[in-house]
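**Q** Let me give you the structure first, and then I'll get to my questions.
The values are calculated or read from the model by the stated rules, or taken from the named source; none is laboratory data. None of the values given here were measured: they were computed from a predicted structure. No Cβ is skipped: glycine too gets one built from the backbone with ideal geometry, and neighbour counts run over all protein chains shown. Just the protein is used for accessible areas: all its heavy atoms, side chains included, with ligands, DNA and RNA removed. Shrake-Rupley method; radii C 1.70, N 1.55, O 1.52, S 1.80 Å.
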Amino acid sequence: MRALLTSLVALSACSQWDAPVVRALDYRIDRPRVVAVQTDLEQIGRGQSVLIDGLILSDTPPQSVQVLVCGFVEGQRTRVGDARCFQNDELVQQIATALPAIWTPPEISGDCPDFNDAFTDTFQPNTEVDNTAPPPLVRLCAADVLLAVRATWADGRTAMGSTHIEIASEDGPTPPRELRLPLQLRVPPTASAGDEVALEAVFGDPTRSRGYQWYVSDGELLKTGLTRIQRLEDEYALTDNILRIPDDYSGPLTVALVANGSYFSGQTVWRTAVIEVTP
Amino acid sequence: MYLTVLIALAFADPGDLGSNAGHALNGELTGSVRARGSGDRLPCTLTVGDETVTCQEDGSFSLRLAPGTYSVTVQSEDFADLLATETVVTATTTEIVYRLQPYSNDTTIIVYDDGPREYVSRTVLSADELASVPGSFGDPIRAIQNLPGVARPAGPQGDIVVRGAEAINTGAYIDGMPVPFLFHMFVGRSVVNPAVLEDVEFFPGGMPSDFGDVTQAVVNARTYYEPPKQGLHGRVNVDLLDGGFGMTARQGPWSLSAGGRVSWVSGLIGISSQIIAKAGSDPSYKVGWVSPYYSDFQLRGTRQMGDYQLAVSFIGARDALKVVPDRWDRDGDGFHDPNPVDEVERPFDPNTLLDSQFYLGEVRLDGKRTEHKSTTRLVLGWDRQSSLFSEFGQLSQAPELGKVEQITVIAERSDIVRISDTLTVRGGGRFQMRPTRTESWRDGTTETPSVVGQDNRLTAGLWADAQLDTGRWWLSPGVRLNGHRFSGRNTVLPEPRLTARYDASNAIELTAFVGRFSQTPPGHRTAPGIGNPDLPVMQAWQTSVGLNSKLNNGITIDATVFASYMPHLTVTSQQISLATDPLNDFDNALTTVVTNGYADTRGAAVGLEAMARLRPQGMWHGWVGLTLSKSFREGADSWYPGDYDMPISAIVVAARKLPKNWQLSGRFRMSSGQPYTPSVSIYSSDEMYWNAYGGPINSERLPLLHSLDLRIEKEWLGERASWTWYVDVMNVYNRKNPFMPSFNSNYQRLTREVYVPIIPTTGLQVDF
């Protein structure tokens, strides 16, 4: 019943049914977009700082950039996954006005339920393993909030991208995430109008990526804007695409590639390149 | 009664007619003229060429004519024209019965306000005459949507919105009794069977002082207290959506009227769904469907007692949207598996998405002396509205994911005393008690409602006004004292009202109105726990000036400029906050909770309504309406367009009588798209997904709305009954007019997934 109601609501309010198609075909940088937001930490421990960056694609630089967090309450655990959080200005905090940004969140409450107590009803103690070891990542004692990058242009246009971040009440158990993952974007530096040029990306860890999103400022991507890993070479994963440049195009043509991380091992990295197109 | 039958000579020279009279080769045209429906014989006069021949007293006639084909025109000041083509054969008698339609019972389109003139903004729509408006599916009450300034709201609820006001601000009445809804959901037919409906009284604003507890408009469906005809008469109507009957009977001082309707569209949907599913899917799958169900009934007995009339009435209606869930035979045992949803105990039926019903009983005594008319009534009723829809399908009369139940007790007395030829005084009082119980079902996982609210709501009104008629000037100052009690608070508000009319000439009159109105917010909006008990009484000031003119060729032109200011309005609001989510506790961590609530705000509206109409005195009838208006609500930082703000709205309604009792009618509507709140798109990197939140309230509009509806009907006249077959097609060219916004997955593009498609229907109506 709930599924039926949800589907009715979804029908009446919005539609995500076409999301893969839109992701595949909506690759043109024809409007301001924030297509990726990344952090160097999966979880921010007590006293730690996080590095936040975002990829903004537009024909002109934005007039202003804001890094926002929504749902974070000092001294209180929150779990916010609903983007409507940004609808209430009182729940939104601005933490930076430029990218990349560094943020050190205040501590959240240490009054957290005990991990083992919380799951006593669900899991029976496993007597065959060493239960004296400290519990793993204490997810129950972390706040999960939304981080967003909002860019505003002089003509009033805005674009937003977001990611989740966990803020733990204890020392961060996670080492900083490696932002400089080995992603190579191989793009010819020059091309002629009307050419079909090969684009190739090599990613260092095929298990950690679930999709490659391509963006171009003009032209047509013959493999659409959404590609998967197409072949493996040693420890590298490769994906490629073909860009058909318009016959009447000249000047710089931007190509961007975002290797999206997954929700559980979020590693979002990107590369951008420019092809100088001659008539 | 004066009746003329014109027989125009088509082929023969009228001058030859006399010489042919009595000729052995002539044919004979004989028959009679009767009133349609009642079958009463009518005395008449036949005019042939330059000659006028009077019918017999019993309506019979006999003419000897030269062989040929003749166009026959039947005219009467009290009856609609009747055109026919007759063929006269040599030495043969052609017998025919002409059944004439009284204007008050015509199947053409008519809008008139020639009734009592004590109101300046009232429009009275004749029930039978409006039934053929296309797109209304033969429902005269629904036809009021075709008037300037009127629209139906988005979504499934059966309401109308007037001058940009929310539907709750328009009072729905049946014979003066307030009812929760006047239209069935989705299909949109009214809850009163047309056969027992006398007319529809519609005030877009400027209600006189006897109407209270309303802040914008009034729709009052008036049914027969005293059927116009002796004997038994009625109507049976059957079409693809529903079937209904209505009858009136009058014998001596006693009268009886009854009507009812029940839908079967749900059965058709179910059968067709199963057929489609069986044709294209796994046989182990039993398809589910969602379908509307509706029914209504009306019953009244009346006794004339000298100068008094005693009536006992019962009315009721039910509207439901039910789900038949789909089933799988996953275990392969040959039987469809039970749905686990049905096995969970809940305070509601999970397969009933919407359920609205009301039942009212009334005892009424009317005094009918010319110098002193009075009405005394006692009403007892019960109503209930429930909804499993969330904020996107919210009903104006029911809580989001919840239920509201009310008992209604009304005691009313009103008097009209004619003091002199120039002065009439009216006064009265109404006491209304409504114990209201509300339940919230937002937490659908427990056996009991998550919140229960109770409120004993009272509304009392005393009113008096004077009507001064000095010839050219007609003035009516009045005042209403309205008391409201809800949420444990009492509010008393005086409501002065002034109506004026000036006859500038025989063809032009000017009107003006200014007045104050107040209204108790709906029960679920103030109920503790699920509503906002702090809401004040809704209030409005209205003013209007108008010009009504009658042209010689049967065309009337009406124009009204209106403005209203609402210092207190109850509107829906959405609050995003951090709180413990009852459904997803997250171990007491806070999360975003969306609370759809109600808030008090201010509103304003201004506009121009104009209508030019051609009355049914020829082959063509219809009207053209235009509305220019703006409706605003006050937000946190600025004023924004109201949910039903439609700056431009135009409508053309036309009907054409055709030979052999065919009639073709059409309606074209065009209006500004409804305002909506755009979504701000946020791309989530780690989910590769777009999320969104609401942007500036009502800062965007849906695309221009336009649609064409057509209706064709054919009538066969029997000896004791008339049969009418009709085809009504709504949205002929299948225009995708979204009635609510929906977006593609990245919230960059408005889609048109939610719209009313082309809806054809056909039916048969029998009047006897």
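**Q** Can you tell me the length gained on complete extension of the stretch B:VAL312 to B:LYS550, counting 0.36 nm per residue apart and subtracting the Cα distance? Numbers along the way, then the final one.
**A** Values: separation 238, 0.36 × 238 = 85.68 nm, distance 4.01 nm.
Gain on stretching B:VAL312 to B:LYS550: 81.7 nm.
**Q** Past the 23 angstrom mark, what percentage of all C-alpha to C-alpha distances in the range A:183-278 do you count? Let's see the in-between values first.
**A** Numbers: 1091 of 4560 pairs.
More than 23 Å apart: 24 percent of the Cα pairs in the range A:183-278.
**Q** While we're looking at this one, here's another question. Normalising by the residue count of the range B:308-376, find the relative contact order in percent from Cα pairs under 8 Å and 6+ residues apart.
**A** On the way: 91 pairs, mean separation 32.5, N = 69.
About 47 percent, as a whole number.
**Q** Another question about this same structure. Please give, to one decimal in nm, the separation of the simple spin-label points placed at B:GLU719 and B:LYS660, each 7 Å out from Cα toward the Cβ.
**A** Distance between label points: 2.4 nm.
**Q** Calculate the dipole size of the range B:123-767 relative to its Cα centre from +1 charges on Lys and Arg beta carbons and -1 charges on Asp and Glu beta carbons; express the result in debye to the nearest 20.
**A** Details: 60 positive and 68 negative charges, 496 e Å.
Roughly 2380 debye, rounded to the nearest 20.
**Q** Calculate the mean, over all residues of peptide B:569-579, of how many other protein chain Cβ atoms lie within 10 angstrom of the residue's Cβ. Walk me through the numbers before you get to the answer.
**A** Numbers: counts 0, 0, 0, 0, 0, 3, 2, 11, 4, 12, 1.
Per-residue shielding by partner chains comes out at 3.
**Q** Rank these by accessible area, largest first, 1.4 Å probe: B:ASP139, B:ASP534. Before the final figure, lay out the partial values.
**A** On the way: B:ASP139 0, B:ASP534 125 Å².
So, going from the largest accessible area down, we get B:ASP534, B:ASP139.
**Q** Then there is this: Go ahead and run the numbers for FRET between B:TYR285 and B:TYR733, Cβ-Cβ distance against an R0 of 51 Å, rounding to 0.05. Show your work: numbers first, answer last.
**A** Details: r = 35 Å, r/R0 = 0.69.
Once the sixth-power term is evaluated, E becomes 0.90.
**Q** How large is ³J(HN,Hα), in whole Hz, for each residue of the range B:527-539 in order, when computed from phi with the Karplus curve 6.51 cos²θ - 1.76 cosθ + 1.60 and θ = phi - 60°, using x for Gly and Pro?
**A** 5, x, x, 10, x, 10, x, 7, 4, x, 5, 6, 9
**Q** What pairs in B:LYS550/B:LYS714; B:LYS322/B:LYS630; B:LYS229/B:LYS373 have C-alpha atoms more than 26 Å from each other? Intermediate values should be presented prior to the final figure.
**A** Numbers: B:LYS550/B:LYS714 32 Å; B:LYS322/B:LYS630 37 Å; B:LYS229/B:LYS373 23 Å.
The pairs that break the limit, which is 26 Å between Cα atoms, are B:LYS550/B:LYS714; B:LYS322/B:LYS630.
**Q** According to a simple spin-label model (label point 7 Å from Cα along Cα-to-Cβ), what is the distance in nm between B:LEU475 and A:ALA96?
**A** Using points 7 Å along Cα→Cβ, the separation is 7.5 nm.
**Q** Any idea what the relative contact order of the range B:123-767 is, in percent, if you count C-alpha pairs under 8 Å spaced at least 6 apart? Display every interim value, and only then the final one.
**A** Details: 1813 pairs, mean separation 62.9, N = 645.
Dividing the mean separation by the residue count of the range B:123-767 yields 10 percent.
**Q** Which log10 I(q)/I(0) values, to two decimals, does the range B:504-590 give at q = 0.12, 0.14 Å⁻¹ under the Debye formula with one point per Cα?
**A** Here log10 of I(q) over I(0) equals -0.65, -0.74.
**Q** Right, another one. Going from most exposed to least, what order do B:HIS336, B:HIS706, B:HIS184 have by accessible area with a 1.4 Å probe?
**A** Working: B:HIS336 80, B:HIS706 45, B:HIS184 0 Å².
Accessible-area ranking of B:HIS336, B:HIS706, B:HIS184, largest first: B:HIS336, B:HIS706, B:HIS184.
**Q** A further question on this structure: What base-10 log of the normalised intensity I(q)/I(0) is obtained for the range B:175-311 from the Debye formula, alpha carbons as equal point scatterers, at q = 0.10, 0.15, 0.20 Å⁻¹?
**A** Those come out to -0.50, -0.86, -1.17, one per q.
**Q** Jot down the radius of gyration and Dmax of the range B:123-767, Cα atoms only, both in angstrom.
**A** Cα only, the range B:123-767: 25.6, 86 Å (Rg, Dmax).
**Q** Can you compute the charge dipole magnitude of the range B:465-580 about its Cα centre, using +1 on each Lys and Arg Cβ and -1 on each Asp and Glu Cβ, nothing else charged? Give it in debye, rounded to the nearest 20.
**A** Details: 9 positive and 7 negative charges, 53 e Å.
Magnitude of the dipole: close to 260 debye.
**Q** In addition: Mind listing the Cα extents of the range B:457-552 along all three principal axes, in Å, largest one first?
**A** Projected onto its principal axes, the Cα set of the range B:457-552 covers 60, 25, 16 Å.
**Q** Continuing with the same structure: Once you have the Cα-Cα distance between B:SER272 and B:ALA411, take 0.36 nm times their residue separation minus that, and quote the gain in nm to one decimal.
**A** Working: separation 139, 0.36 × 139 = 50.04 nm, distance 4.83 nm.
Length gained between B:SER272 and B:ALA411: 45.2 nm.
**Q** Another one. Report the calculated FRET efficiency for A:ASP89 and B:SER62 (r = Cβ-Cβ distance, R0 = 60 Å), to the nearest 0.05.
**A** Working: r = 87 Å, r/R0 = 1.46.
It comes out at approximately 0.10.
**Q** So, in nm, how far is label B:LEU365 from label B:GLN574 when the simple model puts each one 7 Å beyond its Cα toward the Cβ?
**A** Between B:LEU365 and B:GLN574, the label points sit 5.4 nm apart.
**Q** Okay, moving on. Can you tell me, using C-alpha contacts under 8 Å and at least 6 residues apart, the relative contact order of the range A:183-278 as a whole percent?
**A** On the way: 250 pairs, mean separation 35.0, N = 96.
Over the range A:183-278, the number comes to 36 percent.
**Q** Follow-up question, since we're still on this one. For the pair B:ILE648 and B:TYR565, what calculated FRET efficiency results from E = 1/(1 + (r/R0)^6), where r is the Cβ-Cβ distance and R0 = 22 Å, to the nearest 0.05? Walk me through the numbers before you get to the answer.
**A** Numbers: r = 22 Å, r/R0 = 1.01.
Using R0 = 22 Å, I get an efficiency of 0.50.
**Q** Quick one: what are the phi-derived ³J(HN,Hα) couplings along the range A:243-258, Karplus 6.51/-1.76/1.60 with θ = phi - 60°, whole Hz, x for glycine and proline?
**A** Karplus values, whole Hz, x for Gly and Pro: 9, 9, 7, x, 5, 9, 8, 8, x, x, 10, 8, 10, 10, 10, 10.
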